[in-house]
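Q: Dumping the structure here so I can ask a few things about it.
The values are calculated or read from the model by the stated rules, or taken from the named source; none is laboratory data. Here the structure is a predicted model, which is why all the values come from computation and not from measurement. So basically every Cβ, Gly included, is an ideal-geometry build from the backbone, and we count neighbours across all protein chains shown.
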Amino acid sequence: MLTKIIVDILGFILIGLVAWYFWFSKKEGKAARVSGGVQEALITVKGGYTPDVIIVKAGRPVRLLFERLESSPCSERVLFKDFDISRLLPEGERVTIEFTPERAGEYEFTCQMGMYRGRLVVEKG
């Protein structure tokens with residue numbers, strides 16, 4: 001009986017650690033490179049977004065290039081709800097999304113089902 005309780009407690013602790021890692025831990029971001037005054041990043045879509053955290057400066061144009069390398073229906077569309085942006089991502093094609101974030105903050109982008117998640121970190125310019 002005691003062994004079962006210990007195993008259950010350890011199981012709950014491990015589940016909590018896995019949940020914390022995937023949903024609450026801060027991941028290192030990749031700074032967008034600047035080209036011709038535009039902040040640009042290439043994001044590969046295959047089992048998720050790579051990189052899944054992009055760092056940009058507020059008040060400067062951003063160009064995100066999404067390249068979908070899979071046929072999963074979940075990854076057919078990317079949504080930036082805070083910027084009212086929704087784009088279809090045809091498999092094997094590069095799709096460009098351009099906008100200028102005016103305010104610093106963290107903005108989520110997801111697939112249409114919310115299973116693939118990424119974050120745009122906008123720092124003060």
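Q: Identify the residue in the range 1-40 that is in a helix (DSSP H, G or I) and either on the phi > 0 side of the Ramachandran plot or of a type in the set (Ser, Thr, Tyr) (or both) and, among all such residues, is modelled with the highest pLDDT. Spell out the reasoning first.
A: Taking the range 1-40 first, the residues in a helix (DSSP H, G or I) are 2-23.
Right, trim to either on the phi > 0 side of the Ramachandran plot or of a type in the set (Ser, Thr, Tyr) (or both) and you get 3, 21.
Numbers: 3: 87, 21: 57.
Among residues in the range 1-40 that are in a helix (DSSP H, G or I) and either on the phi > 0 side of the Ramachandran plot or of a type in the set (Ser, Thr, Tyr) (or both), the one modelled with the highest pLDDT is 3.
Q: To continue, here is another question. Between a residue in the range 110-125 that is under 21 Å from residue 42 (Cβ atoms) and any residue that is polar (S, T, N, Q) and surrounded by fewer than 19 Cβ atoms within 10 Å (Cβ to Cβ), which pairs come within a Cβ distance under 6 Å, given they are 6 or more apart or on different chains?
A: Close Cβ pairs satisfying both conditions: 117/110.
Q: Just to verify a result, which residue in the range 60-115, among those that are part of a strand (DSSP E or B) and among the β-branched types (Val, Ile, Thr), is surrounded by the fewest Cβ atoms within 10 Å (Cβ to Cβ)?
A: Within the range 60-115, the subset part of a strand (DSSP E or B) is 62-68, 77-80, 85-88, 94-99, 105-111.
If we keep only those that are among the β-branched types (Val, Ile, Thr) too, we end up with 62, 78, 85, 95-97, 110.
Numbers: 62: 21, 78: 24, 85: 14, 95: 16, 96: 10, 97: 18, 110: 18.
Looking at the filtered set, the residue picked out is 96.
Q: Filter the range 87-125 down to residues that are among the hydroxyl-bearing types (Ser, Thr, Tyr) and over 14 Å from the mean Cα position of the chain (by Cα) and give me whichever is nearest to residue 49 (Cα to Cα). It would help to see each step written out before you state the result.
A: Quick first cut of the range 87-125, residues among the hydroxyl-bearing types (Ser, Thr, Tyr) only: 96, 100, 107, 110, 116.
Filter again for over 14 Å from the mean Cα position of the chain (by Cα), leaving 96, 100.
On the way: 96: 15, 100: 21 Å.
My answer is 96.
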